[in-house]
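Since every read-out is calculated from the coordinates, none of them should be taken as a lab result. Everything numeric here is computed off the predicted structure, so don't read it as measured data. With ideal geometry, Cβ positions are generated from the backbone for all residues, glycine too; neighbour counts draw on all protein chains shown.
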Amino acid sequence: MANDISFLTGINDPNLKMDKSGVENIGNYKVIHLVKTGTCYCPVCGRPMLKNGYRRQPVKILALPIANVPTILLIRKQKYICKPSSQCPETVTKIAEINGINHGCRIANNVKQAITLDLRRNESQKDIGEQYYVSPSTVGRIIDSLEDNFTPEKSWLPNTIAFDDFKSGRFAPSGMSMILMNPVNHRTIDIIPSRTSRAFRQYFYRHFTRRSRLSVSLVVIDLYGPYRRLIRELFPNARIIADHFHVVVQAYRALQSIRIKTMNHYGPGTHEYRALKRFWKLLLQKLSLLDNIHYQPRRNFRGAWLTNSEVIDRLLAMSEELRIAYNYYQTLVDAVDHENQGELQSLLQRKLTSLPFKLQKVQRTLRQHQNEIIRSFRHHLSNGPIEGTNNKIKVIKRTAYGFRNFFHFRVRILMALKNPHIMVGDPQKTKISSSSLAA
Ligand SMILES: [Zn+2]
């Protein structure tokens, strides 16, 4: 019988037996009547206790749905008594407890575990709750109970850390939060609510010991200037290296804005306007990947049969500024891709006055961070993981909406990403102990 119950409900308690009424359907529910008895030992003297009837009301426990039908366990619990004796000076009474159901909790632990695993998926708290017939706020409480699992270890930071910001909306005063990650193994360490210097400093002083901060030797970061001083203060032993993605993005943005400027110069309705609008992706494609073999008829060029590479030639002929911006962007992409220090240096030596206005600003920024960029070439750290993370966060924000607080948002992100705190990939290996799931 006990085996049947474990098979039905996933609750493994050998002393949990089917009661007389068995299983019945009441309304939209399946109700399983159970009785919990068995030997119970006195917590004071250690001897078996006397059975003393049953608790008047059976306890009502929400179990995992069976065949998509919400399932309630109605459990009659044995009461026990140990009468006063020489070993046991006072009367001791107890009520049977059940393995897999926390004392005083109305939801079986395996339901909470199933919900916890589902938090990795991109679904709202409401949708997850509906699957298990619990309210969204119960799902919220389960998230709250995970707090301990998601506290970063104070005394440890990896040798190399990386930061990137992401839009977090109303959770941060600036609308931006930060991801802290290990770019070597691509694990997310934590989400920092705000990217202001004050919040940033506070976060590290509060969450990490001085020793762990001293152990950081490389910090990968974007080209935003104000962080530099703070990073030197928080991580005195660290060298800063520039994140490749943010290096290339500088020129990418300048190229896009010069393309739009050129379009507007010709004006809507012109052939140049339409061609520059149509082929924007081609302009951003890496030169080394540009197709110069396959001919296709191009409507934008009166049906002429052109390769992609020839299309680019025609676009660049429309504006000298565009040509310069294109060459600048492509040279930068190539230098970063091939970690080519010489190519980067000669690009950054170009005279400011030879560049369009938008690129002058880029040139100044890149010159300012030249050493950080060159240093990044030696460490071969890819910016891929953070980019991927940012996309995942976007998706989480879109579908799993309705976060009541930053902590819920943070847990959902950390559950969806690879992170060192918690192994949720395989239920067998889950580190979430049933005690930490107490609602
Ligand atoms: Zn006793």
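Just need the relative contact order of the chain here, percent rounded to a whole number, with Cα pairs under 8 Å and 6+ apart.
Once normalised by length, the contact order is 14 percent.
At a 10 angstrom cut-off on C-beta neighbours, averaged per residue, how do the peptides 56-68, 166-178 rank from highest to lowest?
My ranking of the peptides, most packed first, is 166-178, 56-68.
Evaluate the distance, in nm, between pseudo-label points positioned 7 Å from the Cα of SER346 and of HIS271 along their respective Cα→Cβ axes.
3.6 nm
For LEU306, which sequence-distant residues (separation of 5 or more, or a different chain) have an amide H within less than 5 Å of its own amide H, given hydrogens modelled in the peptide plane?
HN-HN under 5 Å from LEU306: GLN296, ARG298.
Could you give the distance between the Cα centres of the stretch 356-375 and the stretch 106-153, to the whole Å?
Value for the Cα centre distance between the two parts: 46 Å.
Rounded to the nearest 20 Debye, what is the dipole magnitude of the chain about its Cα centre when Lys and Arg each give +1 and Asp and Glu each give -1 at the C-beta?
Computed about the Cα centre, the dipole is about 1040 debye.
Go ahead and run the numbers for FRET between ASN25 and VAL92, Cβ-Cβ distance against an R0 of 35 Å, rounding to 0.05.
The formula returns an efficiency of 0.30 here.
Report relative contact order for the stretch 62-134 in percent, whole number only (criteria: Cα-Cα under 8 Å, sequence separation at least 6).
The value is 27 percent.
Would you work out if the stretch 42-102 is rounded, prolate or oblate? Take a ≥ b ≥ c from the square roots of the eigenvalues of the alpha-carbon gyration tensor; rounded if a/c is under 1.5, else prolate when a/b is larger than b/c, oblate otherwise.
prolate
Strictly under 4.7 angstrom between C-beta atoms: which cysteines of the chain have no such partner?
Cysteines lacking a close Cβ partner in the chain: CYS40, CYS105.
Among DSSP beta bridges whose residues both lie in the chain, state the antiparallel percentage, nearest 5.
70 percent
Per residue of the stretch 219-229, what does 6.51 cos²θ - 1.76 cosθ + 1.60 with θ = phi - 60° give for ³J(HN,Hα)? Whole Hz please, x for Gly and Pro, Karplus curve as stated.
10, 9, 8, 6, 8, 6, x, x, 5, 4, 5
Pairs of alpha-carbon atoms within less than 8 angstrom and 6+ residues apart define the contacts here; what relative contact order does the stretch 3-94 have, in percent?
25 percent
Among the listed pairs LYS17/LYS79; LYS112/LYS394; LYS36/LYS83, which are separated by more than 18 Å between their Cα atoms? Please report the intermediate quantities before stating the final value.
Working: LYS17/LYS79 15 Å; LYS112/LYS394 26 Å; LYS36/LYS83 22 Å.
Violating the 18 Å limit, Cα to Cα: LYS112/LYS394; LYS36/LYS83.
Would you list the P(r) distribution for the stretch 138-224, with all Cα-Cα distances sorted into 5 Å bins from 0 and each bin expressed as a whole %?
3, 13, 20, 25, 21, 12, 4, 1, 0
Let me have the 222 nm mean residue ellipticity of the chain computed from DSSP H runs of 4+ only, each contributing -39500 (n - 2.57), with the sum over all residues rounded to the nearest 500. Could you put the intermediate results ahead of the total?
Values: 17 runs with 179 residues, N = 439.
For the chain, the value works out to -12000 deg cm²/dmol.
Based on the inverse mean of 1/r over its pairs of different Cα atoms, what is the Kirkwood hydrodynamic radius of the stretch 1-109, in Å?
Computed over Cα pairs of the stretch 1-109, the Kirkwood hydrodynamic radius comes out at 14.8 Å.
If the chain were replaced by its equivalent ellipsoid, with semi-axes equal to the square roots of 5 times the Cα gyration tensor eigenvalues, what would those be, largest first, whole Å?
Result for the chain: semi-axes of 62, 28, 16 Å.
How much length, in nm to one decimal, is gained on full extension between ASN237 and MET18, taken as 0.36 nm per residue of separation minus their Cα-Cα distance?
72.4 nm
Using amide H atoms built 1.01 Å from N in the peptide plane, name the residues 5+ places from ARG187, or on other chains, whose amide H lies under 5 Å from its own.
Amide H to amide H, under 5 Å and 5 or more residues apart or across chains, ARG187 pairs with ASN182.
Setting aside same-chain residues fewer than 8 positions from LYS277, which lysines have a Cα under 21 Å from its Cα?
Correct list for LYS277: LYS261, LYS286, LYS358.
How large is the Kirkwood hydrodynamic radius of the stretch 278-347, in angstrom, based on all distinct alpha carbon pairs?
Mean inverse Cα-Cα distance, inverted, gives 13.1 Å.
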